[in-house]
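Peer 1: One structure follows; several queries about it will come next.
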Amino acid sequence: LLTAYKDQILIGTSLPYMDDSLSRALEPRATSPSRRLKMLQRAHERGLNVYVAVAPFMPFHDEDVMEDVLQNIRPLNPREIFCEVLNPKGDNILMMAEALSSFPEFSETLKDYSPKSWAQFTWKVLSIGMKSDKRFIPWPDTQRFWKTHLDHKQTAFLDDYLPPKEMRDAISA
């Protein structure tokens, strides 16, 4: 059925990292990253358009984790690659820290994860993604709260790639 309408559909999934054991801790009821990748591979083999959401990208991950995900998905020629780093709003950090009890090296990193460090990490991760692949679509906080934590150059970079205020307002309405 899907292949009959392949020009009209887009299939995708989140794939924030390739670590199945970490996934079991953070997303115990979700399909493992390796199985998500296999699903995307099968869709691609059948000629279906795919996308990947590298989300939420975790504050304890680095450029190597991003590159690992990108290397795994490049052969699939995804139409787009969406990314958002873990947002510190609400209870996100507390929930992640609790889920990471078996990964103390990661949960320690979350103790200092503030809106300022989130803004700076978002800029760093999205800069890496934009330089790595032209299909990479950054999507941090559309309310622009991060502007108070970034310098002029960093703010200008993100403003170039995010929807303009008029579009954000139209989407919110």
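The values are calculated or read from the model by the stated rules, or taken from the named source; none is laboratory data. Computed from a prediction, not measured in an experiment: that's the story for all the values here. Glycine also receives a Cβ, built like all others from the backbone with ideal geometry; neighbour counts cover every protein chain displayed. Keep in mind that these areas ignore ligands, DNA and RNA; they rest on the heavy atoms of the full protein, side chains included. Shrake-Rupley method; radii C 1.70, N 1.55, O 1.52, S 1.80 Å.
Peer 1: Excluding ligands, DNA and RNA, what is the solvent-accessible area per residue of the chain at a probe of 1.4 Å, expressed in Å²?
Peer 2: Normalised by residue count, the accessible surface of the chain is 57 Å².
Peer 1: Most mobile of PHE103, PHE121, PHE82 per a Gaussian network model of the chain (Cα springs, under 10 Å)?
Peer 2: Taking springs between Cα atoms under 10 Å, the residue moving most is PHE103.
Peer 1: So, one more: What pairs from LYS111/LYS134; LYS6/LYS89; LYS6/LYS134; LYS38/LYS134 go past 30 Å between their alpha carbons?
Peer 2: Working: LYS111/LYS134 33 Å; LYS6/LYS89 37 Å; LYS6/LYS134 23 Å; LYS38/LYS134 23 Å.
With Cα atoms farther than 30 Å apart: LYS111/LYS134; LYS6/LYS89.
Peer 1: A follow-up question, please. Among ASN72, ILE9, LEU86, pick out the residue whose Cα is farthest towards the positive end of the charge dipole of the chain, where Lys and Arg carry +1 and Asp and Glu carry -1 on C-beta, about the Cα centre.
Peer 2: Value computed over the given set: ILE9.
Peer 1: Follow-up. Quick one: putting +1 on the C-beta of Lys and Arg, -1 on the C-beta of Asp and Glu, what dipole do you get for the stretch 1-146 around its Cα centre, in Debye to the nearest 20?
Peer 2: The calculated dipole for the stretch 1-146 is roughly 620 debye.
Peer 1: Now for a different question. Let me make sure I get this right: for the chain, a, b and c are the square roots of the gyration tensor eigenvalues over alpha carbons, sorted descending. Under 1.5 in a/c it's rounded, otherwise prolate if a/b > b/c, else oblate. Which is it?
Peer 2: It is oblate, given that a/c is not under 1.5 and a/b is not larger than b/c.
Peer 1: Then there is this: Separation between the GLU45 and LYS6 pseudo-spin-labels, each 7 Å from Cα along Cα→Cβ, expressed in nm?
Peer 2: It is 1.3 nm.
Peer 1: GNM on the chain, C-alpha springs below 10 Å: top fluctuator among HIS152, HIS61, HIS44?
Peer 2: Taking springs between Cα atoms under 10 Å, the residue moving most is HIS152.
Peer 1: Considering only protein heavy atoms and a 1.4 Å probe, what is the carbon-and-sulfur percentage of the accessible area of the chain?
Peer 2: It is 51 percent, rounded to a whole number.
Peer 1: Between the DSSP loop rule and a limit of at most 16 other Cβ atoms within 10 Å, which trypsin sites (Lys or Arg not before Pro) in the stretch 5-61 are left?
Peer 2: LYS6, ARG29, ARG46
Peer 1: What value, in deg cm²/dmol to 500, does the helix sum -39500 (n - 2.57) over DSSP H runs of n ≥ 4 give at 222 nm once divided by the residues of the chain?
Peer 2: On the way: 8 runs with 82 residues, N = 173.
That calculation yields -14000 deg cm²/dmol at 222 nm.
Peer 1: Using only alpha carbon pairs under 8 Å that are at least six residues apart, calculate the relative contact order of the chain and give it in whole percent. Intermediate results must be reported in sequence, preceding the final value.
Peer 2: Values: 218 pairs, mean separation 34.0, N = 173.
Rounded, it is 20 percent for the chain.
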